[in-house]
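Throughout, read-outs are computed from the coordinates displayed, never taken from laboratory work. No experiment lies behind these values; they were computed from the predicted model shown. FYI the Cβ positions are ideal-geometry reconstructions off the backbone, even for glycines, and counts take in every protein chain you see.
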Amino acid sequence: KYAEMLDVSRRAATIAEGLNDREELWSAQERIGRALFALGKPEEARESFLASISTLEAVRRNVAGSEQQQQSFLENRLSPWFGMIDVLVSQQKYAEALTFAEQSKARVLLDTLQTGRANIRQAWTREEQQADEQHRRRLVSLNSKLTGEMRREKPDAARVAQVKAEVEQARLEYEDFETRLYLTYPDLRVRRGEAPIIKSEELKTLVSDGSSAVLEYVVGEKQTYLFVATAEADVRVYTLPVKRDDLTAKTEGFRQQLAGRDLGFRASAQKLYELLLKPAEAQLRGKSNLIIAPDNTLWDLPFQALLNGSNRFLIQD
């Protein structure tokens with residue numbers, strides 16, 4: 001009932017925006033995108049997914065709590081990126097889809113790799129460290145204050161407008177402060193997890209020798225995408241008809257067979273090869289160096305132990 005889903009989600013987004021509840025807002029925007037995509041409106045769906053991503057990024061910047069909470073914030077909030085990938089693959093915009101695939105991984109990975117703001121700040125002056133902390137705390141405090149005002153039984157419109165103006169002013173001041181820091185410390189963007197995402201044309205520099213290929217997987221709830229980049233062709237995408245839960249079961253079952261020295265592992269190794277690599281076999285022919293970027297459960301899959309149609313382990317070729 002996608003038309004009904006769209007209507008309800010739009011109303012939810014309006015309420016969430018009025019309450020300044022961005023956690024609910026990004027979720028409503030993501031559902032709007034899903035409904036629009038199902039209704040055959042990919043361009044409108046794209047705009048909703050982009051809005052959801054933008055809202056999430058804004059929330060991420062102001063996460064309060066421990067360092068671990070900040071680092072893992074996006075771990076289970078990647079559905080807007082997956083939605084964008086679905087839209088772009090359907091439109092055969094494979095290079096752009098790969099960019100969002102990279103973003104879905106890089107956001108979580110870079111957040112995890114950040115060992116803490118304290119380490120980033122080591123080169124800062126004491127005044128810069130204090131100013132950064134004050135800006136962040138003020139922004140978090142004002143956002144909480146605005147949410148509280150909006151959740152009153154009878155919100156005071158004038159008071160709400162005043163707090164919204166304070167939030168916007170605080171945001172602009174923090175951005176100005178960060179801009180000045182970036183000029184003083186050129187490597188700060190990278191160390192704060194704001195590194196640029198690799199583009200499809202840049203991938204070709206990794207496979208320019210002609211014997212290499214990059215394989216990047218994106219495991220979705222209902223299907224998995226395989227992006228393949230080689231020197232001879234633009235990025236190609238293969239849609240693998242396997243649900244996330246099924247892939248998890250197949251991967252774990254194969255691992256248990258290997259761990260238990262079960263001689264029946266060969267059948268599983270062949271089935272996984274046919275599922276995950278055979279669709280791209282023609283493009284990979286003659287390649288002796290595979291650069292594999294897994295996703296989700298595939299991080300646990302020993303690709304080297306998969307068996308191709310010639311009954312050879314992948315590592316042998």
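Quick notes
- Along its principal axes, the chain has C-alpha extents of 73, 54, 41 angstrom, given from the largest down.
- Positive-end ranking of GLY264, ALA106, VAL167 along the dipole of the chain, with charges on Cβ about the Cα centre, is headed by GLY264.
- Dimensionless Rg/Rh of region 1-44 - Kirkwood Rh, Rg from C-alpha atoms: 1.00
- Close amide H pairs (under 5 Å, H built 1.01 Å from N) link ILE292 with LEU215, residues at least 5 positions away or on another chain.
- Assigned charges on the beta-carbon of Lys, Arg, Asp, Glu; region 178-317 dipole about Cα centre (debye): 200
- Förster-model FRET efficiency, 35 Å R0, GLN130 and VAL160, C-beta, rounded to 0.05: 0.70
- Assigned charges on the beta-carbon of Lys, Arg, Asp, Glu; the chain dipole about Cα centre (debye): 500
- Helical content of the chain, expressed as a calculated mean residue ellipticity at 222 nm, amounts to -19000 deg cm²/dmol (DSSP H runs of 4 or more residues, -39,500 (n - 2.57) each, divided by residue number, nearest 500).
- FRET efficiency for the pair ASP245 and GLU281, taken as 1/(1 + (r/R0)^6) with r the Cβ-Cβ distance and R0 = 30 Å, rounds to 0.70.
- Modelled spin-label separation between GLU4 and GLU232, with each label point placed 7 Å from Cα along the Cα-to-Cβ direction: 5.2 nm.
- Model label points for ILE198 and GLU173, set 7 angstrom from Cα along the Cα-to-Cβ axis, are 4.1 nm apart.
- Estimated vicinal HN-Hα couplings, Hz - region 175-187 in sequence order (Karplus 6.51, -1.76, 1.60; Gly, Pro = x): 4, 4, 4, 5, 4, 5, 5, 4, 5, 6, 10, x, 8
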